[in-house]
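This report refers to the structure that appears directly beneath it.
Derivation of every value follows stated rules applied to the coordinates shown; laboratory data play no part. Computed from a prediction, not measured in an experiment: that's the story for all the values here. Here Cβ is always computed from backbone atoms with ideal geometry, including for glycine, and neighbour counts include all displayed protein chains.
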Amino acid sequence: QVQLVESGGGLVQAGSSLRLSCAASPSNPGINTMAWHRQAVGKGREYVAAITTGALTNVDDSVKGRFTVSGDIAKNTMYLQIDSLKPEDSAVYYCGLFDRDRWVWGQGTQVIVSS
């Protein structure tokens, strides 16, 4: 059973930056899609960004320009660079990978942005 671990969250001031990390164990070189989602208090989970085989990346339009996704999908590692943080970015950020026929998600890392 693959497990995902996110790290890098914390309490930061608006305008600062954070780099979130995600790693799967055991890794599976056959994985071709990994993604970041987030969920703020009282709101539903929303898509943030993804990477796929061939180092293709996608970032949701709502955060494009401030969020950068990167990683090595063959090693099942993924990063989310968040710049110019805003209070509305406060959420639990989840890392996931698509394994055969289902998504597997980590426990999340919390980001709190103070104004």
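Dipole magnitude of the chain about its Cα centre, charges +1 at Lys/Arg Cβ and -1 at Asp/Glu Cβ only, in debye to the nearest 20? Present the calculation step by step, with values, prior to reporting the outcome.
Working: 10 positive and 10 negative charges, 13 e Å.
Approximately 60 debye in magnitude.
Please figure out what share of the DSSP beta bridges in the chain is antiparallel and state it in percent, rounded to the nearest 5. Let's see the in-between values first.
Details: 40 of 45 bridges.
Close to 90 percent.
Could you tell me how many cubic angstrom of Cα convex hull volume the range 39-82 has per residue? Could the numbers behind the result be given before it?
On the way: hull volume 3.6 nm³, N = 44.
Value for the range 39-82: 81 Å³ per residue.
Going toward the positive end of the dipole of the range 27-115, with +1 on Lys and Arg Cβ and -1 on Asp and Glu Cβ, which of 96, 107, 82 do you reach last?
The listed residue farthest towards the positive side: 107.
Can you tell me the Rg and Dmax of the range 59-115, counting just the alpha carbons, in angstroms?
12.9, 42
Straight distance only, please: which lysines reach the Cα of residue 43 with their own Cα at less than 28 Å, same-chain residues fewer than 8 apart left out?
Cross-link targets: 64, 86.
Note the full-extension length gain between residue 114 and residue 5 as 0.36 nm times their separation in residues minus their Cα-Cα distance, in nm to one decimal. Let's see the in-between values first.
Details: separation 109, 0.36 × 109 = 39.24 nm, distance 2.47 nm.
Length gained, residue 114 through residue 5: 36.8 nm.
When we measure straight from the Cα of residue 75, which aspartates and glutamates land under 16 angstrom away, once same-chain ones fewer than 8 places off are left out?
The reachable aspartates and glutamates, counting only those whose Cα sits under 16 Å from residue 75, are 6, 99.
Enumerate by residue number the trypsin sites (Lys or Arg not before Pro) in the range 9-115 meeting two conditions: DSSP loop (anything except H, G, I, E, B), and at most 11 other Cβ atoms within 10 Å of the site's Cβ.
Numbers: sites: 19, 38, 43, 45, 64, 66, 75, 100, 102; in loops: 43, 45, 66, 100.
Here the sparse-neighbourhood loop sites are 43, 100.
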